[in-house]
Structures are given as structure tokens and as C-alpha cells.
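The block underneath contains the structure these notes are about, expressed in C-alpha cells.
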Amino acid sequence: MMFFKSFLFMALFTHSVLSRVVVVDPEAPLNVAVSQVPTITDLHKAVKTDDFPLFEQLLMLMAYSEGTLKDSLTANTLPGGQTILLNAILAGRTNFVQLLLTAPDYSEFLDFEQGEKDGYTCYHAAAFQGRSDIVKLLMKRGIPGGMSQHKDGYFPIHRACWGMEEKHTLSVKAFLDFGVPVDWQGKGKSCFDVTKNEGTKELIANWGKEL
């Protein structure tokens, strides 16, 4: 029975006529109606609505259509020239990002140095939005770019330092915890120089001191 269901699942998405089918995942019900092979637009909708099960299912379906998965994970056709990875980072979808980073079938197609239209890459995006969990995830996975300098002269930690919320302070701490020097400078300015966040100021001022 499992073989038959798996065969049926693959057949539905490799058949030349793909319009208006309802696909059933052999492992679990897939409550998704599709009129064609999923695209990056469908992934974007799942990110926007925070629908992680749908995001997983769409990626799985794409894997059965030659070239679709790679094209969708490398395309920067979302608003602002974002890739789906950058889109998930900016939206703060940690579980979406984790799936993309940890599943070999997906991570092989990710370009972590690919920026959006203004050249901001993964760490810059996470720092700007104060996504400390994502900064930690990127760092723990050894993703390059944690100290990459943008053309404006600033580094990811500076973008976290500009933020005025507690989440930005936590993001600054995440960078410091992973070894970014507390006095690291961009355009001759350190985090302490550029921040107006009192929590971040206190963090920087006391960093390295014994509690």
C-alpha cells in the first residue's frame, strides 16, 4: 500500500497534465489544492501567513519537478529582490529558515552571499530586524557572512545596534557571543557609537566585565 501511495504521489507531479489536482502526501494528508507545479510565489504566501506545514509540503512537491526546487530557492524575484531565504529571515520565521538550512536537499541550492536589491545578505537582514534566534541559527550552522561588510561600510552587528527594541539588543548579544569584537568598527564607528538603544548601550558597556 505504501509503495502504491508513493508511486501515485510521484505520478501526479511528473505527469504532463498537472492542472487542478489535489495532491496527497503519502505520509500525511496534504490539504492543498494546486493548479500547477508550486512556485516561489506559493512559498512566499506560506511565509507571509506563517503556514509552516504548507511550506514543507510545497518544497517537497517542488523536489518532484525537475529544476523547480533549485529555481525557486535561488530566484530573487520576491519584493525587494529577496530570495525565499531572505524573505523568511526578514519575516522572523525561524522554523522555515531552519528547514532550509538543515535539509540537504534544500541547503545545497542556497547562496548565502546573495543579497536583495540593495545587497543586504542573511546576517544583515536578521540583524536589521532583530532576529536573534536566526542570527544564532546562522552562526551555529557555520553560515558565512557574519562579519561581512556592506557597501555602505557597516557590518551586520551595526544594523542590530541601530534597532531600538529589546530584540535588537538580543541580536547584538548573539553576535558578541559568537565572537564579533565589541569594538568592531564600520566607517570608523563601533556599536556603542551608533546605538541609541539604552539596553544595547548597557550591554556594550558591561561586556566582558565580571558580573
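The values are calculated or read from the model by the stated rules, or taken from the named source; none is laboratory data. Quick caveat: nothing in here was measured; it's all calculated off a predicted structure. As a convention, Cβ positions derive from the backbone with ideal geometry for all residues, glycine included, and neighbour counts pool all protein chains shown.
Do the conditions hold for Trp207, that is, is it without any contact (Cβ under 8 Å) to a residue 60 or more places away in the chain and within 24 Å of Lys117 (Cβ to Cβ)?
Taking the combined requirement at face value, the residue does not satisfy it.
For the stretch 111-147, how many residues are more than 20 Å from Ala75 (Cα to Cα) and in contact with a Ser or Thr (Cβ under 7 Å, 6 or more places away or on another chain)?
Going through the stretch 111-147 one residue at a time, the tally reaches 8.
If you check Asp133 against the conditions, is it assigned by TED's automatic domain parsing to the domain that holds Pro53, charged (D, E, K, R) and either buried (at least 19 other Cβ atoms within 10 Å of the Cβ) or in contact with a helix residue (DSSP H, G or I) (Cβ under 7 Å, 6 or more places away or on another chain) (or both)?
Spelling it out, it is not the case that Asp133 is assigned by TED's automatic domain parsing to the domain that holds Pro53, charged (D, E, K, R) and either buried (at least 19 other Cβ atoms within 10 Å of the Cβ) or in contact with a helix residue (DSSP H, G or I) (Cβ under 7 Å, 6 or more places away or on another chain) (or both).
Based on this model, can you work out whether Gly163 counts as touching an Asp or Glu at 6+ places or on another chain (Cβ under 9 Å) and not aromatic (Phe, Trp, Tyr)?
No: the conditions fail for Gly163.
Any chance the stretch 177-190 includes a residue that's in a helix (DSSP H, G or I) and either over 24 Å from Arg93 (Cα atoms) or among the small types (Gly, Ala, Ser) (or both)?
No, the conditions are met nowhere in the stretch 177-190.
Taking the conditions exactly as written (surrounded by fewer than 22 Cβ atoms within 10 Å (Cβ to Cβ) and touching a residue at least 24 places away in the same chain (Cβ under 8 Å)), does Leu110 satisfy them or not?
The answer is yes for Leu110.
Report, by residue number, each residue of the stretch 136-188 that is among the charged types (D, E, K, R) and exposed (fewer than 15 other Cβ atoms within 10 Å of the Cβ).
Lys140, Arg141, Lys151, Asp152, Glu165, Glu166, Asp177, Asp183, Lys187
So that you can scan it fast, the table gives a plain yes or no per residue for (1) out of contact with any His (no Cβ under 7 Å at 6 or more places or on another chain); (2) within 21 Å of Ala46 (Cβ to Cβ); (3) at pLDDT below 95:
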residue: Ala88; (1), (2), (3): yes, yes, no
residue: Ala91; (1), (2), (3): yes, yes, no
residue: Leu100; (1), (2), (3): yes, yes, no
residue: Asp105; (1), (2), (3): yes, yes, yes
residue: Gln114; (1), (2), (3): yes, yes, yes
residue: His124; (1), (2), (3): no, no, no
residue: Gly130; (1), (2), (3): no, no, no
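Just checking, which of Lys167, Lys201 is free of Cβ contacts under 8 Å to residues at least 24 places away in the same chain and not assigned by TED's automatic domain parsing to the domain that holds Ile84?
Lys201
Could you please find all residues in the stretch 123-156 being under 17 Å from Trp184 (Cβ atoms) and in a loop (DSSP other than H, G, I, E, B)?
Pro144, Gly145, Gly146, Met147, Ser148, Gln149, His150, Asp152, Gly153, Tyr154, Phe155
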